[in-house]
Amino acid sequence: MGACILPTIDLVQKELLLFASLCFILGAIDDVIFDVIWLVHSIKRKLFVYRRHDRATVDELPQSENQNPLAVFVPAWQEAPVIGAMLRRCLDQWRDGNYRIYVGCYPNDGETIAAVACAAKDTDNIRVVICDHAGPTSKADCLNRLWRALCQDENLESMSYKAIILQDAEDLVHPKALDLFDYLIDRASLVQIPVIPRRAARSIWIAGHYGDEFAEMHGKQMVLREALGVSMPSAGVGCAFRRDELRRLSALTHGKPFDATSLTEDYELGLQITGGNARGIFVRLKDEHGQWVATQEFFPESFDDAIKQKSRWMIGIAMSGWDRLGWQGCWRENWMRFRDRKASFAAFVLAIAYFAILLTGFLHMLKWGGIYQPTPISDLLMAMLGLNALFVIWRLAFKGYFVFRLYGLREALLSVPRTLVANIINIMAARRALFQYLKSLAGVPPKWEKTNHFHPHFKDVRQLRPTRFSVRDD
């Protein structure tokens, strides 16, 4: 029996290595082309822009001529431990701002309602909105309820908002974010600022891998995406949509600009609004203290929550997004959508590669034990494996560079072993996403699932330092 099975295992191992190597090479070529274009773009700006002009800071921006107020939407389901602190921080740092925060709560979540009501006491800048249905529903459903409340207020008060800003209940919002949105929304349909993941000192691996991914995504990918002139996806937080663009979309969707049937309504909304002639801006500006004007957020710390969140992104962007958004006529737009959607396929290829590596180790154990002599790897496959090794070094170096720029040397070094953690999470999330997607094809819509986020209780907003990653839980 062993004499028949072992040659088959040997053959399967070689075929899996060949398939995974070929897929990795094709994906790596795409990444290298993207990286080289980003390098050229960055060098060009340093030589021809920043040598002539000093880098602007948010404090140097002039006031907007449009004095209409801004609206901030915050959906909240079971956010009692964090929503009060978040709202009080916004009130404290935006004392002179022209804004109103709309907080969406659910009738069966009394603790969150009480926390919001306590923060809203003695201020007109916070509006508590109770959703029509018991929670939890989808985030988009809650946002649509907030949109309806905003439209009602505009009619009653004979005024019009300038833009709608999206934030989450656990976000740490920069004091100058409101000024930045107020100025730039006059020039674009969507303004997105960086999202900076943070973690507690103990959350090195699972929460830490989000920092690695966002450091590169919002340090390179979104920057080049804007430079290529393609549509701009929204991150769902730290983003502002022009009011008239949402009104236009609302007229086409029966008063519901946020699609409740989508698991990634923010991503789709950004592409829909900034497609065609509309403009999206991804802005990286610092304040006078050298800190990025960004939204800081503590991502999931547990393995299960990370898998749930990543699987939601994969279904919404890569799987359902393919069906819902399709492809466009512009090659640059299609290239970016391909890059958005290849993550799920890459996770399956990674699973195949790891299985092939396990088979390789198994066959070498048999070889060392004198039980079986595996057939040698072909010269072609050896060359492909060597090329992939170079591409891995390239990818780790690029990621480490962006992590170093944002978080420092320690986190850049940790990003190398964290790649294995990220791969395992992505593989498990892709498996979960695939099963949910197949169920949706059979008529069972995927369910929007809330993930738990760690959130510290800062006593002073000045303690926040975006360039420092490790934050102690006090």
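The values are calculated or read from the model by the stated rules, or taken from the named source; none is laboratory data. The model shown is predicted, which means the values in this text are computed figures rather than measured ones. Every residue, glycine as well, gets a Cβ built from its backbone with ideal geometry; the counts of neighbours run over all protein chains shown. Side chains included, ligands, DNA and RNA excluded: accessible areas come from the protein's heavy atoms. Shrake-Rupley method; radii C 1.70, N 1.55, O 1.52, S 1.80 Å.
Across region 339-369, which residue is least open to solvent (accessible area, probe 1.4 Å) among those that are free of Cβ contacts under 8 Å to residues at least 12 places away in the same chain and in a helix (DSSP H, G or I)?
Here the residue is Gly361.
Within region 55-66, is there a residue that is of a type in the set (Ser, Thr, Tyr), free of Cβ contacts under 8 Å to residues at least 12 places away in the same chain and either part of a loop (DSSP other than H, G, I, E, B) or in contact with a His (Cβ under 6 Å, 6 or more places away or on another chain) (or both)?
The answer is no; no qualifying residue exists.
Exactly one of (1) over 17 Å from Gly316 (Cβ atoms); (2) crowded, with 20+ Cβ neighbours inside 10 Å is unmet by Leu228. Its number?
(2)
Condition check ((1) open to solvent by less than 10 Å² (accessible area, probe 1.4 Å); (2) within 22 Å of Tyr407 (Cβ to Cβ); (3) touching a helix residue (DSSP H, G or I) at 6+ places or on another chain (Cβ under 6 Å)) across all residues:
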site	(1), (2), (3)
Met159	no, no, no
Ala163	yes, no, yes
Arg187	no, no, no
Val191	yes, no, yes
Val195	yes, yes, yes
Ala201	no, yes, no
Ile204	no, yes, no
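Given (1) within 30 Å of Asp124 (Cα to Cα); (2) in contact with a helix residue (DSSP H, G or I) (Cβ under 7 Å, 6 or more places away or on another chain); (3) not aliphatic (A, V, I, L, M), identify the lone condition not met by Asp59.
Result: Asp59 fails condition (2) only.
Being on the phi > 0 side of the Ramachandran plot and either surrounded by fewer than 19 Cβ atoms within 10 Å (Cβ to Cβ) or modelled with pLDDT of 90 or more (or both): is that true of Gly276 here?
Yes: the conditions hold for Gly276.
Residues Gln373, Gln328: which one is open to solvent by 70 Å² or more (accessible area, probe 1.4 Å), touching a residue at least 12 places away in the same chain (Cβ under 8 Å), assigned to a loop (DSSP other than H, G, I, E, B) and of a type in the set (S, T, N, Q)?
Gln328
Take the conditions loosely packed, with under 11 Cβ neighbours inside 10 Å, within 30 Å of Asp186 (Cα to Cα) and free of Cβ contacts under 8 Å to residues at least 24 places away in the same chain and apply them to Val49. Does it pass?
When the stated conditions are applied, Val49 passes them.
Could you check region 414-430 and list, in sequence order, the residues that are open to solvent by 60 Å² or more (accessible area, probe 1.4 Å) and touching a helix residue (DSSP H, G or I) at 6+ places or on another chain (Cβ under 8 Å)?
Val416, Met428 - these are the residues of region 414-430 that are open to solvent by 60 Å² or more (accessible area, probe 1.4 Å) and touching a helix residue (DSSP H, G or I) at 6+ places or on another chain (Cβ under 8 Å).
Being touching a residue at least 40 places away in the same chain (Cβ under 8 Å), within 21 Å of Ile273 (Cβ to Cβ) and either outside any loop (DSSP other than H, G, I, E, B) or open to solvent by less than 10 Å² (accessible area, probe 1.4 Å) (or both) narrows it down to one residue among Asp92, Asp182, Asp168; which is it?
The unique qualifying residue is Asp182.
Can you spot a residue in region 99-116 that is modelled with pLDDT under 95 and open to solvent by 40 Å² or more (accessible area, probe 1.4 Å)?
There is no residue in region 99-116 that is modelled with pLDDT under 95 and open to solvent by 40 Å² or more (accessible area, probe 1.4 Å).
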